[in-house]
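The values are calculated or read from the model by the stated rules, or taken from the named source; none is laboratory data. The structure displayed is predicted, hence computed values, not measured ones. Every residue, glycine among them, receives a Cβ derived from its backbone with ideal geometry; neighbour counts consider all protein chains shown. These accessible areas exclude ligands, DNA and RNA; they are computed on the full protein's heavy atoms, side chains included. Shrake-Rupley method; radii C 1.70, N 1.55, O 1.52, S 1.80 Å.
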Amino acid sequence: MATFAKPENALKRAEGCCTHTVAVEDLIYAKVDKCGQKQDALQALHDLITSKRYRAWQKTLEKIMFKYVELCVDMRRGRFAKDGLIQYRIVCQQVNVNSLEEVIKHFMHLSTEKAEQARSQAQALEALDVDDLEADKRPED
């Protein structure tokens, strides 16, 4: 478990683990996913959210929760998302309930987008399902 002096450092580390900038043709920069390090980023944010050290609400925690929820949806980690949202509710329920509402709306938006994407992929695969082309040619004929 990594400990951070400031929550901003955990967010920077998570963003650094997930994407890095690559120079393409000297002037154009593209963000490339590092698939192997998304789990590390998610774990670092999860450790920060569940830590008892950061129990006072800050605007940075809202940004961290947005990134945390994005990673959870992207990696299909429902339990992690649920646990993080419960911890965030504990942190912000006395101070800023609107922040919790925004995080939940963001989570719902990302989840519905991911579900629609999966549904369209399933329909595309179903459309490609072709019956046996040689069904009219039987060995008995």
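Some observations on this one:
- Tallying residues that are within 15 Å of Glu102 (Cα to Cα) and open to solvent by 10 Å² or more (accessible area, probe 1.4 Å) within region 65-76 yields 3.
- Region 74-85, residues that are of a type in the set (A, V, I, L, M) and farther than 14 Å from Gln39 by Cβ: Ala81, Leu85
- Of all residues making up region 40-77, the number that are among the hydroxyl-bearing types (Ser, Thr, Tyr) and in contact with a Gly (Cβ under 6 Å, 6 or more places away or on another chain): 1
- Qualifying residue in region 68-79 (condition: more than 10 Å from the chain's Cα centre (by Cα) and of a type in the set (Asp, Glu)): no
- Those residues of region 77-122 which are touching a residue at least 12 places away in the same chain (Cβ under 8 Å), closer than 15 Å to His46 by Cα and open to solvent by 40 Å² or more (accessible area, probe 1.4 Å), in sequence order: Arg77, Phe80, Asp83, Ile90
- Of the helices (runs of 4 or more DSSP H) lying entirely inside region 1-96, those carrying at least 1 residues that are at pLDDT 85 or above are 38-50, 59-75, 78-92.
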